[in-house]
Amino acid sequence: MNGSFQQSCLLINKPSGISSNKVLTELKKKLNQKKAGFSGTLDPLASGLLIIFFNKATKLCSYFLDSDKKYEAIATLGKTSSTGDADGIIKDGSSIPNISINDLNELEKKFTGKISQIPPMYSALKHHGTPLYKYARKGVTLDRKPRNIEIFKIEIKKINDINLGIKVHCSKGTYIRTLVEQIGKEIGCGAFLKKLVRTQIKDISLSKSVDFDKFLAIDSSDEVGKHLINIDMLLNNTYSCYIDELHKKKILNGNKVLVTENSRNFVKIYDKSSQFLGVGTINRNSELIPKKILI
């Protein structure tokens, strides 16, 4: 089955209570694969879409890591957390004010567009090669530079007197825990992230994924194969460029070739037999320039 994994991906619905790295380790073990990666870490508390890339497909991991994402969250008001979420030490905040629909609308306006965030200490960001959360667990707090991120759309609704439901469409690098804390600070009572689900990466929806535990329970290699997706199938709305054998040899050697297409920032490259070769760009001189070759 190893051959079928050369350019393969797996859309997994990660459950809450397990780290993204643990999910990756378990899948590599089940599928007997040595090289694999995923698109953006989900905290242990968080559930939702995790794209697993195998072998050559890992070359395009960053393409999805850098994409915008969608989340659904529940924020608990009137309390704060040492980690920003329910896994931390919870402390009482201030009393929760009456929040009207108009107040929620104002919050949505304030947190739409480009905003600044200070990455949390409990995060996978690295300082001198060590993840920040390892410093945090030792009680060490380091200075972190604010980062500009963008919230394309946010919807905030009251679930009950202490919980808000939040839907977010955001740019890469957005910390929903930090966003919830920012919202709690704006309201004036404090808040922490109670629940988080990642529902979309780029245009890939959680609805297309398979539950992690369900996948681990599959015995049949045929059933496993049904869930494997070739990486090019995830590059939706991307122009496909087909090249002949002579051009194929040049492309595989990293050389540019002349094509009939107009300039494009990103293209999928196929040979005449529809084998996916990789991705590239076409410049103004109609030259196809390979960027990532996957065979």
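The values are calculated or read from the model by the stated rules, or taken from the named source; none is laboratory data. From a predicted model like this one, the values you see are computed outputs, not experimental measurements. Here Cβ is always computed from backbone atoms with ideal geometry, including for glycine, and neighbour counts include all displayed protein chains. With ligands, DNA and RNA removed, areas are computed over all heavy atoms of the protein, side chains included. Shrake-Rupley method; radii C 1.70, N 1.55, O 1.52, S 1.80 Å.
Right, Leu196: out of contact with any Gly (no Cβ under 8 Å at 6 or more places or on another chain) and either buried (at least 21 other Cβ atoms within 10 Å of the Cβ) or among the hydrophobic types (A, V, I, L, M, F, W, C) (or both) or not? Reasoning before the result, please.
Values: out of contact with any Gly (no Cβ under 8 Å at 6 or more places or on another chain): no; either buried (at least 21 other Cβ atoms within 10 Å of the Cβ) or among the hydrophobic types (A, V, I, L, M, F, W, C) (or both): yes.
So Leu196 fails the test.
Would you point out the residue of the stretch 203-226, among those that are touching a residue at least 24 places away in the same chain (Cβ under 8 Å), under 19 Å from the mean Cα position of the chain (by Cα) and not in a strand (DSSP E or B), that is farthest from Gly278 (Cα to Cα)?
First pass over the stretch 203-226, keeping only residues touching a residue at least 24 places away in the same chain (Cβ under 8 Å): 203-206, 208-213, 215-216, 221, 224-225.
When the remaining residues are screened for being under 19 Å from the mean Cα position of the chain (by Cα), the result is 203-206, 208-212.
Restricting the remaining residues to those that are not in a strand (DSSP E or B) gives 203, 206, 208-209, 212.
Numbers: Asp203: 20, Leu206: 25, Lys208: 23, Ser209: 24, Phe212: 28 Å.
Once the filter is applied, the top-ranked residue is Phe212.
Looking at Ser94, Ser16, which one is under 21 Å from the mean Cα position of the chain (by Cα), among the small types (Gly, Ala, Ser), under 23 Å from Phe192 (Cβ atoms) and assigned to a loop (DSSP other than H, G, I, E, B)?
Details: Ser94 fails: under 21 Å from the mean Cα position of the chain (by Cα).
Being under 21 Å from the mean Cα position of the chain (by Cα), among the small types (Gly, Ala, Ser), under 23 Å from Phe192 (Cβ atoms) and assigned to a loop (DSSP other than H, G, I, E, B) holds for just one of Ser94, Ser16, which is Ser16.
Name every residue in the stretch 39-60 that is at pLDDT 95 or above, open to solvent by 10 Å² or more (accessible area, probe 1.4 Å) and within 12 Å of the chain's Cα centre (by Cα), in order of residue number.
Residue satisfying the conditions is Ser47 alone.
Return yes when Lys91 is at pLDDT 95 or above and open to solvent by 20 Å² or more (accessible area, probe 1.4 Å) and no when it is not. Before you say what the answer is, go through the steps one by one.
On the way: at pLDDT 95 or above: yes; open to solvent by 20 Å² or more (accessible area, probe 1.4 Å): yes.
So Lys91 fits the description; yes.
Name every residue in the stretch 255-274 that is open to solvent by less than 80 Å² (accessible area, probe 1.4 Å) and part of a loop (DSSP other than H, G, I, E, B), in order of residue number.
Hits for the stretch 255-274 are Asn255, Val259, Glu261, Ser263, Ser274.
Filter the stretch 49-81 down to the residues that are among the polar types (S, T, N, Q) and outside any strand (DSSP E or B), then identify the one that is farthest from Ile201 (Cα to Cα). Let's see the steps before the verdict.
We begin by selecting, within the stretch 49-81, every residue among the polar types (S, T, N, Q); these are 55, 58, 62, 67, 76, 80-81.
Still in the list and also outside any strand (DSSP E or B): 55, 58, 62, 67.
Values: Asn55: 20, Thr58: 16, Ser62: 12, Ser67: 7 Å.
Checking each candidate, the answer is Asn55.
List pairs: first in the stretch 16-33 and free of Cβ contacts under 8 Å to residues at least 60 places away in the same chain, second among the aromatic types (Phe, Trp, Tyr) and in a helix (DSSP H, G or I), Cβ under 7 Å, 6+ apart or cross-chain?
Going by the 7 Å Cβ cut-off, the qualifying pairs are Gln33/Phe5.
Is there a residue in the stretch 137-154 that is touching a residue at least 60 places away in the same chain (Cβ under 8 Å), out of contact with any helix residue (DSSP H, G or I) (no Cβ under 6 Å at 6 or more places or on another chain), assigned to a loop (DSSP other than H, G, I, E, B) and closer than 24 Å to Lys79 by Cβ?
no
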